[in-house]
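Below you'll find the structure, written out as structure tokens, and then a few comments.
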Amino acid sequence: MSIITNDRLLDRLRWRYATKQFDPTRKISADTWRTLEESLVLTPSSFGLQPWAFVVLTNPLVREKLKAESRGQSQITDSSHFVIFAARTSLDESYVDRHVNRIAKVRDVPLEGLAEQRERLVNLLVKGPRSQSVKEWATRQAYIALGNFLTSAALLGIDTCAMEGINLAKSDELLGLKERGLAAVVAGAAGYRAADDKGAKLPKVRFEADDVILRF
């Protein structure tokens with residue numbers, strides 16, 4: 001039996017849109033925001049390595065500075081919550097060990113039994129040729145998290161806007177991300193649409209399913 005009906009799911013996806021104007025007076029409740037943060041934590045990732053960080057901007061001064069460097073986009077300051085999705089720029093053995101240790105703890109399994117898995121990850125992503133493209137790989141993983149965030153928010157009746165047009169370099173600088181081995185790749189604003197946001201009334205434009213779904 002479905003937890004959510006087919007019609008309900010499609011209704012929420014049709015309801016959501018890229019909100020251009022947020023109502024700055026309306027804030028997401030603490031309980032709902034904790035749920036959205038948990039949805040980010042639960043996002044799937046390749047190898048389960050979670051090569052990302054989700055930076056929740058609450059400082060209004062930082063948000064104003066980022067807005068000034070990002071073409072004055074009002075979503076940065078007017079949304080209830082603003083999240084920078086950051087990707088890891090490289091992986092080292094200590095990060096893999098952290099992941100493997102977490103597996104052992106959560107699943108209550110001997111660490112020795114994960115040695116082969118650890119070695120495989122190290123050889124592939126730390127020592128192997130793929131170590132040269134970790135940031136690109138991690139960026140793709142961060143976009144999975146963004147999609148999960150947008151859908152989860154829609155199911156909860158929260159408006160969102162995915163934003164690539166922010167100043168990524170300024171984000172890195174303001175938040176000290178480079179020193180943490182991270183780089184901003186995209187952002188997501190969340191809150192409630194303003195009553196006069198014209199985008200809310202526009203029909204959603206998508207190609208027909210047969211134009212984009214290939215069946216063999």
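Key figures for this structure:
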{"quantity": "Reachable lysines, given that their alpha-carbon falls under 17 Å from the alpha-carbon of residue 20 and they are not under 8 places away in the same chain", "calculated": "67, 198, 201, 204"}
{"quantity": "Size of electric dipole in the stretch 80-128: Cβ of Lys, Arg +1 and of Asp, Glu -1, about Cα centre, debye, nearest 20", "calculated": "180"}
{"quantity": "Rounded to whole Hz, the Karplus (6.51, -1.76, 1.60) HN-Hα couplings of the stretch 210-215, x for glycine and proline", "calculated": "5, 7, 10, 9, 9, 10"}
{"quantity": "Listed values (i) 33, 23, 17; (ii) 60, 21, 14; (iii) 36, 19, 14, entry calculated as semi-axes √(5λ) of the Cα gyration tensor in Å", "calculated": "(i)"}
{"quantity": "Separation between Cα centres of the stretch 172-210 and the stretch 94-128, rounded to whole Å", "calculated": "34"}
{"quantity": "Paramagnetic reach from residue 124 in the stretch 43-82 [backbone N under 15 Å; point 7 Å along Cα→Cβ]", "calculated": "45-51"}
{"quantity": "Listed residues 70, 41, 86: farthest to the positive end of the dipole of the stretch 32-100 (Cβ charges)", "calculated": "70"}
{"quantity": "Stretchable slack from residue 202 to residue 56, in nm (0.36 nm times residue separation minus alpha-carbon distance)", "calculated": "49.6 nm"}
{"quantity": "Other-chain or far-sequence residues with amide H under 5 Å of residue 182's (modelled H)", "calculated": "89"}
{"quantity": "For the chain, built as a Gaussian network whose Cα springs stay under 10 Å, the top-fluctuating residue of 196, 78, 159", "calculated": "196"}
{"quantity": "Dipole of the stretch 119-216 [Lys/Arg +1, Asp/Glu -1 at C-beta], most positive-end residue of 209, 166, 148", "calculated": "148"}
{"quantity": "Dipole in debye (nearest 20) - the stretch 47-112, about Cα centre, beta carbon charges: Lys, Arg +1; Asp, Glu -1", "calculated": "240"}
{"quantity": "Point-charge dipole on Cβ atoms (K/R +1, D/E -1) for the chain, about Cα centre, debye to 20", "calculated": "240"}
{"quantity": "The chain: calculated mean residue ellipticity at 222 nm from DSSP helix runs of at least 4, using -39500 (n - 2.57)", "calculated": "-12500 deg cm²/dmol"}
{"quantity": "Three-way shape label, the stretch 1-126, alpha-carbon gyration tensor, a/c 1.5", "calculated": "oblate"}
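Values quoted throughout were computed directly from the atomic coordinates according to the rules given, and no laboratory measurement underlies them. Small disclaimer: the values here were computed from a predicted structure and weren't measured. Glycine gets a Cβ as well: all are built from the backbone with ideal geometry, and neighbour counts include every protein chain shown.
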